[in-house]
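Structure first, commentary second.
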Amino acid sequence: MEMKMRRARVEDAAAIRRIDQAMGGTMGLEIGQRPEDYYKEWLAYHRGRRHPAFVGTSGGEVVWWVALGESPGGYPFDGVATVEMGVPQQYSGTELTDLLLRFLEQQAIKLGYYKLMACLNGEQRYLLHIYRRVGFRDVGILRSHGYLRGKLVDLVLLERLLPQDMTALEEYYSGQYSFYQEYFQEERRRKALALQGEYELEYEEVETPEDQLPEGIVRFLRTKKAPDGTPLRPPALPPGRMGAPAQRPPARERRPWRRSRFLRRPSRSSRKGS
């Protein structure tokens, strides 16, 4: 029978609830059933452009669903999406899961994401194999992280790196957050000043007398030049000139080495002979 895919709607809440109940909910760890209102709120959130959800229909009935979820942690991770899938086991052994993962990857690239994350039950080895086959790599294992029917279950974290478009990320963060818009405007202003040869110091410049600096640092500063070609430190003035650095007192001369005479004690044999 022909299978079709479309964007998920709020009316699909009952069908998605039924699929999750048959699969065990999140990562197959849930034995209870969530209320239908939960799925309606979930679908309403995924109606937005940033985190789309899709369903597959066969004969007009919803048989599976997939979505791009929000990564936890706040706005620094807006470019990371989580893979959410509700594909029953009768479809998991086919090429459908591979195609859906590649489809979500294409959608993530179009939306400006630079990474996909997934968290799977460590006992779902067939799913782990499929994710690795399409390019996901293991990040780590959360030992004894989930509880299922009287035992603790390991969870496996996976990631898929996507092409990085830093220009698109800058446009996104500037459009979403005012503080990032101000930050990038200030960065562009500083770059423009740098191209014009003007520099704006963010700290107070304090002149340190050379007699308070080590001699090696003074020699280094005299060899370096500012962007306009002037030396960072002017050369030292000759003695006697106005403004010349104070002359250090001459080091105390070392006394010439003098041979010391040591008296030698006479040996016993010499004392006996005497």
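The values are calculated or read from the model by the stated rules, or taken from the named source; none is laboratory data. Quick caveat, the model's predicted, so the values are computed rather than measured. We place every Cβ from the backbone using ideal geometry, glycine too, and count neighbours over all the protein chains shown.
Tabulated data
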{"read-out": "Verdict on Tyr38 being in the same structural domain as Ala8 (by TED's automatic domain parsing), crowded, with 16+ Cβ neighbours inside 10 Å, farther than 29 Å from Glu2 by Cα and without any contact (Cβ under 8 Å) to a residue 60 or more places away in the chain", "value": "no"}
{"read-out": "Gly74 within 30 Å of Tyr177 (Cα to Cα) and out of contact with any Gly (no Cβ under 7 Å at 6 or more places or on another chain)", "value": "yes"}
{"read-out": "Subset of the range 95-109 [more than 22 Å from the chain's Cα centre (by Cα), charged (D, E, K, R) and modelled with pLDDT of 95 or more]", "value": "Arg102"}
{"read-out": "Residues that are under 17 Å from Leu128 (Cβ atoms), among the hydrophobic types (A, V, I, L, M, F, W, C) and not in a strand (DSSP E or B), drawn from the range 48-100", "value": "Val87, Leu96, Leu100"}
{"read-out": "Residue check, Val55 in contact (Cβ under 8 Å) with a residue 40 or more places away in the chain and surrounded by 13 or more Cβ atoms within 10 Å (Cβ to Cβ)", "value": "yes"}
{"read-out": "Yes/no for Gly112 being within 30 Å of the chain's Cα centre (by Cα), of a type outside the set (S, T, N, Q) and under 14 Å from Ile16 (Cβ atoms)", "value": "no"}
{"read-out": "Filter result (small (Gly, Ala, Ser), assigned to a helix (DSSP H, G or I) and in contact with a strand residue (DSSP E or B) (Cβ under 8 Å, 6 or more places away or on another chain)) within the range 1-44", "value": "Ala15, Gly28"}
{"read-out": "Odd one out for Gly59 among (1) closer than 17 Å to Leu96 by Cβ; (2) touching a His at 6+ places or on another chain (Cβ under 7 Å)", "value": "(2)"}
